[in-house]
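K.L.:
Got a structure for you, written out below as structure tokens; questions coming shortly.
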Amino acid sequence: MLNFGIKAFTTIFMRFPSSKLPDVKTSIFSVMSKLAHEEGAINLSQGFPNFGADNDLLALVNTAINEQNNQYAPMPGIYSLREAISEKIAAAYGRTYHPENEITITAGATQAIFTAIAAFVKQDDEVIVFKPAYDCYEPAIQLYGGRVVPIQLKGEGFKIDWDEFKKKLTAQTKMVIINTPHNPSGSILLESDMLQLQKLLKNTDIILLSDEVYEHIIFDGLHHESAAKYADLATRSLICASFGKTFHVTGWKVGYCLAPKNLMIEFQKIHQYNVFSVNHPIQIGIAKYLQDANTYLSLSNFYEKKRNLFLSAIGNSRFKFLPSKGTYFQLLDYSSITDLSDIEFSKQLIKTHKVASIPTSIFNLNNADNKQLRFCFAKTEDTLSRAADILNKI
Ligand code: PMP
Ligand code: GLN
């Protein structure tokens, strides 16, 4: 009765406002995880670990809560965490971001990315986005009146065609977004890519938004090429990262943004009004945990073993692997199995075979279907083996 009343009221007195994002639907990660849950499928779709975080980290956060650090943190984040991040970045990439005014603790990388776009993208600005692209960039650009200029990454290695990039640069280009290691492909940018990018952006006012959430998950002896390593790129970059990925705590939603002071001033003007500050006891726990660099330096090795285990377990299947050089994702090409679209096949995999993955056409330019599914290997050995047994029979 009550529902009926509300419905009648809205119908009579209010015309529904037009959508600011008419093309945006529920994120593929929510859709696939829900379907996996409903179908009782092994969930290798949405990217999150199915194992626990380190007890030492949990104890540090628990202590911070029990010691009553439960009120607002300072707007940019607690100083000791900003200091710990500054030291970590200086050690890894040789550049010092001042804890006072060049680092902000954010509610995960998603909020950092949204805030960076909100702070700089104006009506009719162009933003270059490499496709396939993680799903949170484009809606934010559109919301602020920006125009997405997509460039498809090329071939099995998902390489940037730098000639095409050069042609897409215009007087309207406000921002370029890169993501290395790259979700969903697991590809990485090499030093040669970063040098090309640096050369092409030199003497422009273009801002670089560098999504580096998988900075500590990189394989085969390769090294992460942070924008922080490149002097000219660093002066124009906002670098976004996430403790969710690094410490197996995606649900905590704590990350950070690094940028030179002049960019960070604008970033914080937005940050203070879209979140103000983020979870205080978790910041205290992470600041202490970061004192031991092994907590994150061992991560590449940890995930490389999982990648290798997954790949060797499905070595005799009909799926073809694409190279995964970083992240905790593996693309599998299923073109020798079926002509079904990746969306149809991923649904069939869940419903009939009880394994969930992510169709990648969602992230491609014009939703091109390359018959590739993304599987998350941030799972226990048992889960990966059970999933592999199923994939081997398909
Ligand atoms: N960027 C990429 C490439 C991601 O994969 C993710 C999440 N998996 C994010 C940003 C968002 O990170 P967070 O969960 O910390 O918001
Ligand atoms: N980044 C995670 C992934 O790629 C998903 C996070 C989310 O659901 N928003 O699967």
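K.L.:
Let me spell it out: the conditions are (1) surrounded by fewer than 22 Cβ atoms within 10 Å (Cβ to Cβ); (2) modelled with pLDDT of 95 or more; (3) away from ligand 2 (no atom under 16 Å from the Cβ), and Val121 meets all of them except one. Which number is the exception?
P.N.:
Only one criterion in (1) surrounded by fewer than 22 Cβ atoms within 10 Å (Cβ to Cβ); (2) modelled with pLDDT of 95 or more; (3) away from ligand 2 (no atom under 16 Å from the Cβ) is unmet by Val121, namely (1).
K.L.:
Here is a further query. Under the condition of being out of contact with any Lys or Arg (no Cβ under 7 Å at 6 or more places or on another chain) and away from ligand 2 (no atom under 15 Å from the Cβ), which residue from the stretch 362-373 is most open to solvent (accessible area, probe 1.4 Å)? Working first, answer last.
P.N.:
Let us first name the residues in the stretch 362-373 that are out of contact with any Lys or Arg (no Cβ under 7 Å at 6 or more places or on another chain), namely 362, 366-373.
Imposing the further condition that a residue be away from ligand 2 (no atom under 15 Å from the Cβ) reduces the set to 366-371.
Working: Asn366: 139, Asn367: 96, Ala368: 39, Asp369: 55, Asn370: 66, Lys371: 45 Å².
The extreme case among them is Asn366.
K.L.:
Taking the condition of being within 15 Å of ligand 1 (Cβ to nearest atom) and either under 19 Å from Lys20 (Cβ atoms) or open to solvent by 40 Å² or more (accessible area, probe 1.4 Å) (or both), how many residues in the stretch 130-149 meet it?
P.N.:
8
K.L.:
Just to check your reading of the model, which residue among Ser336, Ser324 is part of a loop (DSSP other than H, G, I, E, B), among the hydroxyl-bearing types (Ser, Thr, Tyr) and closer than 29 Å to Thr246 by Cβ? Steps first, answer last, please.
P.N.:
Working: Ser336 fails: closer than 29 Å to Thr246 by Cβ.
None of the others qualify; the one that does is Ser324.
K.L.:
Now, a different point. How many residues are hydroxyl-bearing (Ser, Thr, Tyr) and either within 16 Å of ligand 1 (Cβ to nearest atom) or not in a helix (DSSP H, G or I) (or both) when one looks only at the stretch 254-278? Can you show your working first?
P.N.:
Taking the stretch 254-278 as the starting set, the residues that turn out to be hydroxyl-bearing (Ser, Thr, Tyr) are 256, 273, 277.
Retained after the next criterion (residues that are either within 16 Å of ligand 1 (Cβ to nearest atom) or not in a helix (DSSP H, G or I) (or both)): 256, 277.
Total satisfying the criteria: 2.
K.L.:
Just wondering, is there one or more residues in the stretch 150-168 that are buried (at least 18 other Cβ atoms within 10 Å of the Cβ) and within 16 Å of ligand 2 (Cβ to nearest atom)?
P.N.:
Yes, there is a match, as at least one residue in the stretch 150-168 is buried (at least 18 other Cβ atoms within 10 Å of the Cβ) and within 16 Å of ligand 2 (Cβ to nearest atom).
K.L.:
Return the only residue of Asp382, Asp333 being away from ligand 1 (no atom under 16 Å from the Cβ) and either without any contact (Cβ under 8 Å) to a residue 12 or more places away in the chain or farther than 20 Å from Gly47 by Cα (or both). Give the steps one after another, and end with the answer.
P.N.:
Numbers: Asp333 fails: either without any contact (Cβ under 8 Å) to a residue 12 or more places away in the chain or farther than 20 Å from Gly47 by Cα (or both).
Going through Asp382, Asp333 in turn, just one is away from ligand 1 (no atom under 16 Å from the Cβ) and either without any contact (Cβ under 8 Å) to a residue 12 or more places away in the chain or farther than 20 Å from Gly47 by Cα (or both): Asp382.
K.L.:
Just name the residue that is most open to solvent (accessible area, probe 1.4 Å) out of those in the stretch 33-66 that are within 12 Å of ligand 2 (Cβ to nearest atom), out of contact with any helix residue (DSSP H, G or I) (no Cβ under 7 Å at 6 or more places or on another chain) and not in a loop (DSSP other than H, G, I, E, B).
P.N.:
Lys34
K.L.:
Here's another thing I want to ask about it. Considering only the stretch 306-324, how many residues are small (Gly, Ala, Ser), out of contact with any strand residue (DSSP E or B) (no Cβ under 7 Å at 6 or more places or on another chain) and touching a residue at least 24 places away in the same chain (Cβ under 8 Å)? Give the steps one after another, and end with the answer.
P.N.:
The first filter runs over the stretch 306-324 and keeps only residues small (Gly, Ala, Ser), leaving 312-313, 315, 317, 324.
Pick out the ones that are also out of contact with any strand residue (DSSP E or B) (no Cβ under 7 Å at 6 or more places or on another chain) and you get 312-313, 315, 317.
Subsequent filtering for residues that are touching a residue at least 24 places away in the same chain (Cβ under 8 Å) retains 313, 317.
Summing the residues that are small (Gly, Ala, Ser), out of contact with any strand residue (DSSP E or B) (no Cβ under 7 Å at 6 or more places or on another chain) and touching a residue at least 24 places away in the same chain (Cβ under 8 Å) in the stretch 306-324 gives 2.
The values are calculated or read from the model by the stated rules, or taken from the named source; none is laboratory data. What you are looking at is a predicted structure, and each value in this text was computed from that prediction instead of being measured. With ideal geometry, Cβ positions are generated from the backbone for all residues, glycine too; neighbour counts draw on all protein chains shown. The accessibility values were calculated without ligands, DNA or RNA, using every heavy atom of the protein model including side chains. Shrake-Rupley method; radii C 1.70, N 1.55, O 1.52, S 1.80 Å.
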